[in-house]
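Every read-out reported here was derived from the displayed coordinates using simple, explicitly stated rules and does not represent laboratory data. Since the structure is predicted, the reported quantities are computational estimates derived from the model, not experimental observations. Positions of Cβ are generated from backbone atoms using ideal geometry, with glycine treated the same way; all protein chains shown enter the neighbour counts.
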Amino acid sequence: MELDSVDVTLLRMIQKDSTLSLADLAESVNLTTTPCWKRIKRFEELGIIDKRVALLNPAPLGLDFTAFVMLKTSDHSHDWYQRFSSQIAEFEEVMEFYRMAGEYDYMLKVVVADMQAYDHFYKKMVNAVTGIADVTSTFAMESIKYTTALPIHER
């Protein structure tokens, strides 16, 4: 999809604050509300805007421990992949889940309260999922940059 400068500005604004009113968005890009709404509706229909959510700060909620979990499997069949994906997706502690190229087959970002909570998650995961050949975990000491805003440019 071709994005013009108005599209880029609207998408950047919505990424930073999805609670902005239609009137505020339209004014910022020098449109009336109807054409602005039509652009936003088109972004939704094309799947560019996937959903609108509130981003919560994990620290005040006592979720200060972030682990990155790398998994290797000995089973690369489609059936195993389907079972594995649905099982991992059920764990609320898993914030992100990727199939990888390289040394490890999958990577998870796991957010929990502390090492004890991580150990509990780890034991649940390895007991629930068969076919895992290796698990390696690393733990974040400090979050230096976190954003959900994509780097959007005109194309």
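Some values worked out for this structure:
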| item | result |
| --- | --- |
| Odd one out for Thr9 among (1) outside any loop (DSSP other than H, G, I, E, B); (2) under 30 Å from Ile132 (Cα atoms); (3) among the hydroxyl-bearing types (Ser, Thr, Tyr) | (2) |
| Among the candidates Asp50, Asp75, residue that is over 21 Å from the mean Cα position of the chain (by Cα) and in a loop (DSSP other than H, G, I, E, B) | Asp75 |
| Residue list for region 11-36, filter: of a type outside the set (Gly, Ala, Ser) and farther than 18 Å from Thr147 by Cβ | Leu22, Asp24, Leu25, Glu27, Val29, Asn30, Leu31, Thr32, Thr33, Thr34, Pro35, Cys36 |
| Selection within region 9-24 - free of Cβ contacts under 8 Å to residues at least 40 places away in the same chain and under 25 Å from the mean Cα position of the chain (by Cα) | Thr9, Leu10, Met13, Ile14, Asp17, Ser18, Thr19, Leu20, Ser21 |
| Every residue from region 37-79 that is surrounded by fewer than 10 Cβ atoms within 10 Å (Cβ to Cβ) and closer than 21 Å to Leu150 by Cβ | Glu45, Leu46, Gly47, Asp50, Lys51, Arg52, Val53, Ala54, Leu55, Leu56, Asn57 |
| Condition met for Leu61 (out of contact with any strand residue (DSSP E or B) (no Cβ under 9 Å at 6 or more places or on another chain) and free of Cβ contacts under 8 Å to residues at least 12 places away in the same chain) | yes |
